[in-house]
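Okay, structure first, notes after.
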Amino acid sequence: SGNTTGALEDYDAAIEVTYGQAPRASLYRYFILRRRGEAVPDLAAEVAKWDKGWGKTLGLFVTGQIGEADLLKKPEVLDGASAASQKEDAYYYIGLTHLLQGDKEGAREYFGKSVAANVKSNINGRFAQQELDRLNNLAAN
């Protein structure tokens, strides 16, 4: 669970100092707010303002403007990230969307794929492992 209030403050600060060009901070903020059941800013409007790149592609997926299959076809070298790192991201965000839709098995599948990508420099694989641990703890209790 962690300190989501502190995380939200950090994400808001990152978004502010980058004049709205912090896709990952915006996406992390969006998922925290959704999970807490709080009002969520219009992410689609925010994504529309983002510069072209991998972060924008992830935002298009999260806002339903592209589907899973399209997101998984998209990984290419954008913003200096490797295709493997982008696949790890894609699996993580697909897992989060399944989780928010109540599809724990689908979430577990994609979080597992994110972890299996094993890109050491990408934090989303570690986040995916935390999500898997949470799901496993819920299933055990």
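Here is how the numbers come out for the structure above:
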quantity	calculated
Heavy-atom accessible area order for SER121, SER26, largest first, 1.4 Å probe	SER121, SER26
FRET E, pair ALA83, GLU38, Förster distance 35 Å, beta-carbon r, rounded to 0.05	0.55
Sum of -39500 (n - 2.57) over DSSP H runs of 4+, divided by residues of the chain (222 nm, nearest 500)	-22500 deg cm²/dmol
The chain - accessible surface per residue (Å², probe 1.4 Å)	54
Protein accessible area in segment 38-141, 1.4 Å probe - carbon and sulfur %	52
Label-to-label distance, nm, for residues given as ALA116 and ARG134 (7 Å Cα→Cβ offset)	2.2
Straight-distance crosslink candidates among lysines, where the alpha carbon sits under 27 Å from LYS52 and sequence neighbours closer than 8 are dropped	LYS73, LYS74, LYS87, LYS113, LYS120
Net charge of neighbours whose Cβ lies under 13 Å from the Cβ of GLY102, counting Lys and Arg as +1 and Asp and Glu as -1	+2
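The values are calculated or read from the model by the stated rules, or taken from the named source; none is laboratory data. Here the structure is a predicted model, which is why all the values come from computation and not from measurement. Please note: Cβ atoms are built from the backbone with ideal geometry, for glycine as well, and neighbour counts cover all protein chains shown. Ligands, DNA and RNA are excluded from the accessible area calculation, which covers all protein heavy atoms including side chains. Shrake-Rupley method; radii C 1.70, N 1.55, O 1.52, S 1.80 Å.
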